[in-house]
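Let me begin by presenting the structure, written as structure tokens, before commenting on it.
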Amino acid sequence: MIQELWEQIQNGQEVRQNLSKIRQVIKDNGERRKLSALLEGEETVLIDLLRSEDAKTRKNAALLMGDLRNPSFLAPIWKAYQEDGQRFVKSSYLSAIGNFDYREYMDAIKEQLAALEKEEVTEENQKHLMEEMRKLSFLIVHIEGVSAHKFIGWDKAYDIFLITNRNYRELVGNELMELEPKAKIKLMGAGVMARVTNLNWIKGIRTYQELLFVVRGMETSEMDPDKIARTVVDSPLLIFLSKSHEGNPPYHFRLELKSKKDLGQKSVFLKKVASKIEILSDRKLINTTENYEFELRLIENKLGNCNIMVKLYTLKDTRFSYRRDVMPTSIKPVNAALTAALSKEYMKEDAQVLDPFCGVGTMLIERHKAVRANSSYGIDIQEEAILKARENAEAARQVIHFINRDFFQFTHDYLFDEVITNMPFKIGRLTDDAVYDIYKRFFQIIPDFLKKGSILILYTHNKEHVDQLTFRTGFRIIKSHEVSKKEGTDVIILRYEGN
């Protein structure tokens, strides 16, 4: 098919349409090398199409040349970009240029952007002018990155929103109040809204999922691109950014929309919002797809309006930075931290702790961060997991003994005070019956490792197995916490009372 389409292009048959079709074939079937071979020695056929009288043919030819990434195409595309009088085509040339090593053109790209920034934005040229400027900015940022602003606002007051597990908003709120007694908090549906006097407490709370900022005057808008953009630019957002960062505008942002709109609708909607924000802010706020410094989170509410919050990427979340590597079955670190927080009252300092299905070690690391343990042992049948667990524990500056072994073949010289683990669950080739068999064998064997009165802390996807099997083996459930009804996960705390 690709050869037939190329022959038709050579013969001048439906050139514009065939250029589009051949790009789709390359995308769907990965036949870029095949087309490159067909073009070898005949590259001028495509280059000549950049001078076509039909603007859309010029556009499609440039984009195809970008797809092919033949270095000989770069100079003709740049020349065509400079000379083409149709503004709607120019962003396509720039998209194509982005696929090459275009560093020799960086000075010219910067000069072009500076010239466009001085051009008057009118209703007629707004769409294509802003798109061209956005593409030029992207080319610059892609090579040079963003001169990122340094966050310095640790001791400032803010309105914040901590996204949490919905069942444990109060737990997070109480942790915040312990560390920031001057905070004024309000429990909301998805988390904790608070007015805080500083941000020095951030690393001390391991149970929130995400930190967002609320800028007063920018809280809500009608779900309309122009009105959202106007709300953002008329708000104290730039003041908020300036007080918390070194340096001056521009600030680079991305947009995220939480809405029932489909993917295509979201894309069109966000392009309109981004373009309008850049215009209204005189490009003090610049939209980019990489190296962004903050995110504008747009959340459609029950009334059909839009709540607007800010996520700062300049404010690094380092709570779980020890997690250098993970496995597909690895527990989310915030869920491991939540497990430890929910079980904290049953833990004791200097306990001997065992994780029989330790994976990459997250549960043991978070347990030690909650209450200092003594000797900790992690067992896992997968060598890859153990290697990653050792690396993670080293990064967390914790001494944990990780052993690559099937737990059911593990032996130990002394008994443990506590077991904490993320129990195996149905994934990949692991069937429901196999999971039940693991639970059954686990409850048969684990008493051999425990002192009477020892605590068992299980993060489980199969609460029903725990309920069914514990009474036969000398365990008593003393607490059960639902983590996620959707995912079917619970934290269950048991005490071993012996047979």
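Once you place label points 7 Å from the Cα toward the Cβ at Val326 and Arg216, how far apart are they in nm?
Using points 7 Å along Cα→Cβ, the separation is 3.7 nm.
Which FRET efficiency value, to the nearest 0.05, do you get for Val45 and Glu300 by plugging their Cβ-Cβ distance into 1/(1 + (r/R0)^6) with R0 = 60 Å?
Rounded to the nearest 0.05, the efficiency is 0.80.
Within 10 Å of each candidate Cβ there may be at most 14 other Cβ atoms; applying that plus a DSSP loop requirement, which GluC sites (Glu not before Pro) in segment 442-499 survive?
Passing sites in segment 442-499 are Glu487, Glu497.
Under a plain spin-label model, where a point goes 7 Å from the Cα along Cα-to-Cβ, how far apart in nm are Gln86 and Asp448?
Each label point is offset 7 Å from its Cα along the Cβ direction, giving 7.8 nm.
Any chance you could give the angle, 0 to 90 degrees and rounded to 10, that helix 169-179 forms with the longest Cα principal axis of the chain?
90
Counting only Cα atoms, I'd like the Rg/Rh figure for segment 2-144, Kirkwood definition for Rh.
Using only Cα positions, Rg/Rh for segment 2-144 is 0.99.
Please compute the length gained on full extension between Glu345 and Val121, using 0.36 nm multiplied by the number of residues separating them and subtracting their Cα-Cα distance.
Working: separation 224, 0.36 × 224 = 80.64 nm, distance 6.24 nm.
Length gained between Glu345 and Val121: 74.4 nm.
Rounded to the nearest 0.05, what FRET efficiency do Lys243 and Asp282 give with R0 = 25 Å and r taken as the Cβ-Cβ distance? Could you check?
So the FRET efficiency works out to roughly 0.80.
Relative contact order of the chain: what whole-number percent is it, with Cα pairs under 8 angstrom and at least 6 residues apart?
It rounds to 8 percent for the chain.
Could you work out the equivalent-ellipsoid semi-axes for segment 357-499, taking the square root of 5 times each eigenvalue of the Cα gyration tensor, largest first, in whole Å?
Semi-axis lengths for segment 357-499 are 22, 18, 16 Å.
List the pairs from Lys272/Lys332; Lys127/Lys243; Lys184/Lys344; Lys266/Lys311; Lys184/Lys258; Lys90/Lys266 whose alpha-carbon separation is above 30 Å, in the order I gave them.
Values: Lys272/Lys332 35 Å; Lys127/Lys243 32 Å; Lys184/Lys344 25 Å; Lys266/Lys311 19 Å; Lys184/Lys258 27 Å; Lys90/Lys266 24 Å.
Violating the 30 Å limit, Cα to Cα: Lys272/Lys332; Lys127/Lys243.
To the nearest 0.05, what FRET efficiency results for Arg195 and Leu415 with a Förster distance of 60 Å applied to their C-beta separation?
The value I calculate is 0.75.
Expected output is a single nm value to one decimal: the length gained when fully extending between Ala395 and Trp154, i.e. 0.36 nm times separation in residues minus the C-alpha distance. What is it?
Full extension of this stretch gives 84.3 nm more.
Mind running the shape call on segment 421-482? Use the C-alpha gyration tensor, a ≥ b ≥ c as the square roots of the eigenvalues: rounded below 1.5 for a/c, prolate if a/b tops b/c, oblate otherwise.
Verdict is prolate for segment 421-482.
Checking the a/c ratio against 1.5 first, then a/b against b/c, what shape does the Cα gyration tensor give for segment 145-316?
oblate
Tell me the label-point distance for the pair Leu387, Arg166, using the 7 Å Cα-to-Cβ offset, in nm and rounded to one decimal.
In this crude label model, Leu387 to Arg166 measures out at 4.1 nm.
At a 10 Å Cβ-Cβ cut-off, how would you order Lys203, Lys311, fewest neighbours first? Write out the running numbers ahead of the final one.
Values: Lys203 11, Lys311 19.
Going from sparsest to densest Cβ surroundings: Lys203, Lys311.
So what's the chain giving for Cα Rg divided by 2.2 N^0.38 Å, two decimals? Numbers along the way, then the final one.
Working: Rg = 29.0 Å, N = 499, 2.2 N^0.38 = 23.3 Å.
Against the compact-globule rule of thumb, the ratio is 1.24.
All of the numbers you see were taken from the coordinates with simple rules; none came from a lab. All values derive from a computational prediction rather than experimental measurement. Cβ coordinates were reconstructed from backbone atoms using ideal geometry, including for glycine residues, and neighbour counts include every protein chain displayed.
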